Amino acid sequence: MKKVVVGLSGGVDSSVTAHLLKEQGYEVIGLFMKNWHDDSVTISDECPWLDDSNDAMMVADKLGIPFQTVDLSEEYKERIVDYMFNEYEKGRTPNPDVLCNREIKFDVFMKIALSLGADYVATGHYCRKAEFEKDGKTVYRLLSGKDNNKDQSYFLCQLTQEQLSKTLFPIGELQKSEVREIAAAQDLVTADKKDSQGLCFIGKVRLPDFLQQKLKPKEGVIVEVPATTDVFQKEDKNFNSRIEELEYLSSKYQYSMKDGKVVGKHQGAHYFTKGQRKGLAVGGTPAPLFVIDTDVEENVIYTGQGKDHPGIYRKALFVSPEETHWVRQDLAITDGEELKVQARIRYRQPLQDAVLYQTEHGMYIVFDKPQASITEGQFVAWYHEDELLGSGVIS
């Protein structure tokens with residue numbers, strides 16, 4: 001009997017994961033990760049991790065499996081929270097869920113599970129795993145979940161072959177409705193529990209409030225840049241090389257105060273991200289304002305009217321060599337090579353046709369159609385059909 005440690009989060013997905021594995025004959029242990037107890041950043045009187053931990057314990061009790069809690073709050077603060085503050089301070093927008101999977105669930109947590117004698121770690125992610133032999137070695141494939149509305153492969157885009165080899169995703173073949181039905185049939189306390197919306201395993205924390213407790217407010221101005229400004233007038237260029245063209249396509253617009261007019265004030269450019277519409281508190285424009293760029297050095301937010309504003313769109317992006325990650329290392333391209341893929345720059349975005357161009361300086365990804373709000377610090381993930389091949393941090 002193989003031993004599996006399930007990351008029981010107190011939600012319905014991980015509860016059903018544990019039940020299915022038990023049905024399949026595994027020896028199952030439930031482990032709850034406590035990732036947060038910094039009282040200096042409390043958002044409300046609620047203590048979501050306590051409720052979640054109780055729910056996880058009741059599920060384990062119902063299933064008749066051993067259960068314990070591990071406190072990973074120190075590692076979480078060091079690897080996720082500090083990194084997040086650092087990135088926001090630089091004017092980048094990190095993705096804590098991708099990082100939490102890479103740094104906590106499939107690293108720190110996985111090591112604890114394996115030290116308990118586990119053969120595998122299982123999570124309630126909506127994705128699938130497949131494997132095949134190549135040159136005498138097992139190659140693992142990370143596939144999207146069968147439920148298109150819930151596919152979470154994007155959040156696992158930084159996993160390695162080593163991590164995949166020890167991971168199970170039992171609900172990847174199921175629809176969310178089926179998962180709830182199974183939970184109800186087993187009379188699990190989490191059957192009707194709402195999906196959590198907060199930061200990965202922290203719970204009901206609102207990001208702006210969270211950031212404000214560490215990054216001090218600093219008043220600055222909001223500038224509206226008209227769509228007709230010279231910045232957006234692209235002249236026909238003759239490029240001396242493909243690389244020059246790729247650099248041009250992936251470069252962002254450079255704004256200055258003289259490109260528009262001041263329309264309001266804000267409390268800190270580092271609280272805002274590209275594409276953001278809420279929280280600007282500027283009224284009276286025919287179409288809503290969207291953030292098209294933030295300048296944390298000068299503490300200025302640049303905005304444009306309407307979701308079709310040219311400042312929102314870009315055709316290409318760049319990933320530096322140290323930020324490029326291949327799940328399928330055997331398919332990695334080398335300097336001068338290109339690869340047709342589908343890619344997404346955020347969770348739940350439909351896959352977009354694109355081409356990867358590998359150069360000695362890093363990788364360019366050129367999309368067939370211009371993409372809205374390409375944001376530094378976020379992850380781009382590339383796929384072939386339903387297999388996630390690799391990912392990188394947008395620079």
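Tabulated data for the structure shown
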item	result
Taking GLU173, GLU103 and counting other C-beta atoms within 10 Å, the order from fewest to most	GLU173, GLU103
Top positive-direction residue, dipole computed over segment 3-212 with Cβ charges, set VAL121, VAL98, CYS157	CYS157
For segment 313-393, size of Cβ-based charge dipole, Lys and Arg +1, Asp and Glu -1, in debye	500 debye
Residue exposure sequence - THR93, THR138 - by fewest surrounding Cβ within 10 Å	THR138, THR93
Positive-end residue of VAL189, ALA354, ALA130, charge dipole of the chain with Cβ unit charges	VAL189
For VAL263, residues with placed amide H under 5 Å, excluding near neighbours	ILE222, VAL223, GLU224
Potential extension, VAL355-GLN233 segment - 0.36 nm per residue separation minus Cα distance	41.4 nm
Antiparallel %, DSSP beta bridges [both residues in the chain], to 5	75 percent
Burial ranking of peptide ranges 240-252, 379-391, 52-64 (average Cβ count within 10 Å, highest at the top)	379-391, 52-64, 240-252
Relative packing of peptides 342-351, 253-262, 266-275 - highest average C-beta neighbours within 10 Å first	266-275, 342-351, 253-262
Helical contribution to [θ] at 222 nm, DSSP H n ≥ 4, -39,500 (n - 2.57), averaged over the chain, rounded to 500	-5500 deg cm²/dmol
Residue among PRO321, GLY377, LEU389 farthest towards the positive dipole end of segment 313-393, charges placed on Cβ	GLY377
Potential lengthening between GLU323 and ARG277 on full extension [0.36 nm per residue; Cα-Cα distance subtracted]	13.7 nm
Label-point separation, GLU23 to ASP119 (7 Å along Cα→Cβ), nm	2.0 nm
Mean Kyte hydropathy of 0.0 or more with a Cα span along the axis of at least 15 Å, helices from DSSP in the chain	12-23
Ellipsoid semi-axes in whole angstrom, largest first, where each is sqrt(5λ) of the Cα gyration tensor of the chain	39, 27, 17
Ranking of TRP49, TRP326 by count of other Cβ atoms within 10 Å, fewest first	TRP326, TRP49
Cα-centred dipole magnitude for the chain, charges only on beta-carbon of K, R (+1) and D, E (-1), debye, nearest 20	640 debye
Relative contact order of the chain, pairs being alpha-carbon contacts under 8 Å that are 6 or more residues apart, as %	16 percent
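Quick note: the coordinates plus some simple rules give every number you see, no bench work behind them. Quick caveat, the model's predicted, so the values are computed rather than measured. Here Cβ is always computed from backbone atoms with ideal geometry, including for glycine, and neighbour counts include all displayed protein chains.
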